[in-house]
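Read the figures in this text as sums done on the coordinates, not as results from a lab. Quick caveat: nothing in here was measured; it's all calculated off a predicted structure. Quick reminder, even Gly has a Cβ in these numbers, built from the backbone with ideal geometry, and neighbours come from all protein chains shown.
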Amino acid sequence: MKKALVDTNIISAFMRGNPSVIQKVEKYLRFHKTLSVSVITYYEIIRGLKATSNINKLQAFETFMSACEILNLDSLTAEKAAEIYDALRKKGNLVEDADILIAATAITNDLIVVTDNTRHFDRINGLEISNWLQTPSSC
């Protein structure tokens, strides 16, 4: 089973107790010691929880994240993101910068992106995608 970069909507589904996602996370953790997330995903979830002022969910998320690997942006990832942006711009098919940065993080670290936002990530060449909210129990 290939190592994955888990996107914001999958982490949110896990935190909400989605049984399908929980089952897939448990299966994944039998092969890998931890979940990997982009610092962008970390930011998006923290931003949302702070905006709702939900201290309990924020604390639960921070506890959960303490057991996860957070992948930061570096110059190699930034260069890959710029390449992705340029390719999408030339096709007239841009997606949000956050998705481009997450995709670049996955590609530079040889990870599959686990997301429910396949319509954006499908546009990016060379990116492997899995949807733990729609696919059968395979990861």
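Set the Cα radius of gyration of the chain against 2.2 N^0.38 Å, with N its number of residues, and you get 1.03. Mean residue ellipticity, 222 nm, helices only, the chain: the sum of -39500 (n - 2.57) across DSSP H runs of n ≥ 4, divided by residue count and rounded to 500, is -17000 deg cm²/dmol. Panel order for 112, 102, 84, by other beta carbons found within 10 Å of each beta carbon, from fewest to most: 112, 84, 102. Using a simple spin-label model with pseudo-atoms 7 Å out from Cα toward Cβ, residue 63 and residue 3 lie 2.8 nm apart. The count of lysine pairs in the stretch 12-139 with alpha-carbon distances below 27 Å, taking only pairs 8 or more places apart or on different chains, stands at 7.
At each listed q (0.18, 0.25 Å⁻¹), what is the log10 of I(q)/I(0) that the Debye formula gives for the stretch 1-60 modelled as equal alpha-carbon point scatterers? Values, matching the q order: -0.67, -1.11. Summarising the amide proton neighbourhood of residue 69: residues at separation of 5 or more, or on other chains, whose placed amide H is nearer than 5 Å comprise 35, 36, 37.
Exposure proxy for 83, 44: other Cβ atoms within 10 Å of each Cβ, ordered fewest to most, give 83, 44. Computing FRET efficiency as 1/(1 + (r/R0)^6) for residue 55 and residue 22, where r is the C-beta to C-beta distance and R0 is 35 Å, gives about 0.90.
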